[in-house]
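Worksheet for the structure shown next.
What follows draws every value from the coordinates through simple rules; no lab data is involved. Computed from a prediction, not measured in an experiment: that's the story for all the values here. Cβ atoms come from the backbone with ideal geometry, glycine included; neighbour counts cover every protein chain shown.
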2 protein chains.
Amino acid sequence: MARMHYTRDNMAGLLRSHDINPTHQRIEIAHALFSRQEHLSADQVMAIVNTRHSETSKATVYNTLKLFLEKGLVREVIVDPSKVFFDPNTSPHHHLYEVDTGRLSDIDAEQVQISGLPPLPAGMVTEGIDLIVRVRRKA
Amino acid sequence: MARMHYTRDNMAGLLRSHDINPTHQRIEIAHALFSRQEHLSADQVMAIVNTRHSETSKATVYNTLKLFLEKGLVREVIVDPSKVFFDPNTSPHHHLYEVDTGRLSDIDAEQVQISGLPPLPAGMVTEGIDLIVRVRRKA
DNA sequence: TCCGGATATTAGACAAAGTCCAGATTGCCG
DNA sequence: CGGCAATCTGGACTTTGTCTAATATCCGGA
């Protein structure tokens with residue numbers, strides 16, 4: 001993806017290009033995710049968006065993240081049973097999860113190869129393949 | 001792993017061989033998991049164990065599953081943000097998750113090959129590699 | 001400009017999964 | 001039997017996320 005500055009104005013364009021009506025709150029949430037290129041949980045998004053004074057409700061944060069997900073603007077990463085992370089990087093890639101710190105980072109899919117997967121059951125389509133490497137600091 | 005009958009007596013041996021004191025409740029929980037070779041959530045385990053009349057408390061089910069996990073008797077599978085599954089199959093394998101039904105099944109690791117993973121960050125050891133194929137019934 | 005409907009947002013009640021704790025039980029050993 | 005350690009328990013609590021009914025905002029047309 002071409003490099004760009006993640007200004008709030010650009011966010012509006014990004015949202016529109018994904019068929020999302022760019023409202024105030026949606027722009028803030030998109031900005032939170034895209035300006036840091038990080039994996040954030042709903043909680044973290046809420047905290048960021050509401051730093052100064054409360055601006056966006058919990059319901060809206062959840063609604064918006066779900067909407068972004070449906071529209072393919074972000075990806076969901078399920079590595080920790082206690083919370084879901086949202087990933088602004090939608091290009092194919094995998095994840096490295098540091099179990100003890102909770103840090104989550106990307107592994108480019110380019111050079112990784114997965115082969116020998118059995119055929120899918122009839123009438124099924126793949127929705128996605130998640131590869132998660134769980135690591136821990138050496139004792 | 002050699003085939004065997006998952007009787008309650010054998011469960012006691014299995015627990016002992018994993019350095020777990022085989023109590024009544026632990027045997028029941030192990031039996032629930034190993035007699036059906038399925039992925040069960042804590043809820044499901046509790047339901048199975050307490051079919052006739054309530055016998056085992058929620059706290060014990062959670063404590064016991066966590067203990068089994070630490071002792072390497074079962075594996076945790078995180079595919080659904082709303083619940084964790086416990087997998088009595090600890091041999092290396094991957095998972096196929098049917099998103100719409102919630103069904104989870106095994107993919108033998110034998111013929112699957114993953115290559116080209118980047119080197120780990122210094123001082124880190126791999127705790128496990130989870131490969132999850134998410135599928136959905138074709139529309 | 002004003003109106004009306006569609007779209008968004010909100011607070012707060014609610015639900016589900018999981019944790020925690022202090023007290024009761026159990027099992028074992030002398 | 002008495003006592004100690006390990007285990008189990010009910011129930012309160014926390015966290016993440018969902019739902020709902022009411023309100024606010026936006027926008028196009030008269």
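Once you list every other residue whose beta carbon is under 14 Å from the beta carbon of B:Ile78, what net charge do they have if Lys and Arg are +1 and Asp and Glu are -1? Intermediate values should be presented prior to the final figure.
Numbers: positive: A:Lys83, A:Arg134, B:Arg75, B:Lys83, B:Arg134; negative: A:Glu76, A:Asp80, A:Asp130, B:Glu76, B:Asp80, B:Asp87, B:Glu127, B:Asp130.
Here the count lands on -3.
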Within region A:37-139, DSSP-loop trypsin sites (Lys or Arg not before Pro) with at most 16 other C-beta atoms within 10 Å are A:Arg52, A:Lys71, A:Arg103, A:Lys138
To the nearest 20 debye, region A:97-138 has a Cα-centred charge dipole, built from +1 on Lys and Arg Cβ and -1 on Asp and Glu Cβ, of 340 debye
Label model pair A:Arg137, B:Tyr62: point-to-point distance (7 angstrom along the Cα→beta-carbon line) in nm is 2.7 nm
Copies of A:Asn10 compared via label points 7 Å along Cα→Cβ give distances in nm, shortest first, of 6.1
For B:Lys66, the lysines lying under 24 Å Cα to Cα, once residues fewer than eight places off in the same chain are dropped, come out as A:Lys83, A:Lys138, B:Lys58, B:Lys83
For region B:8-86, shape from the Cα gyration tensor axes a ≥ b ≥ c, cut at a/c of 1.5 then a/b versus b/c, turns out oblate
Under the helix-only model (-39500 (n - 2.57) for each DSSP H run of 4 or more, divided by the residues of chain A), the mean residue ellipticity at 222 nm, to 500 deg cm²/dmol, is -9500 deg cm²/dmol
For chain A, longest principal axis from Cα atoms; helix A:8-17 axis from its Cα atoms; angle between them, nearest 10 degrees, is 60 degrees
Partner shielding of A:83-95, taken as the mean number of other chain Cβ atoms within 10 Å, equals 1
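Are there GluC sites (Glu not before Pro) in region B:61-124 that DSSP puts in a loop and that have at most 16 other Cβ atoms within 10 Å, and which ones?
Values: sites: B:Glu70, B:Glu76, B:Glu98, B:Glu110; in loops: B:Glu110.
Qualifying residues, ordered by number: B:Glu110.
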Between B:His18 and A:Thr126, the two model label points (7 Å from Cα along the beta-carbon direction) sit apart by a distance in nm of 3.2 nm
If one builds a Gaussian network model of chain B from Cα atoms under 10 Å apart, the most fluctuating residue listed among B:Asp87, B:Asp100, B:Asp43 is B:Asp100
Ranked by GNM mean-square fluctuation in chain B (Cα springs under 10 Å), the top entry among B:Ser91, B:Ser41, B:Ser82 is B:Ser82
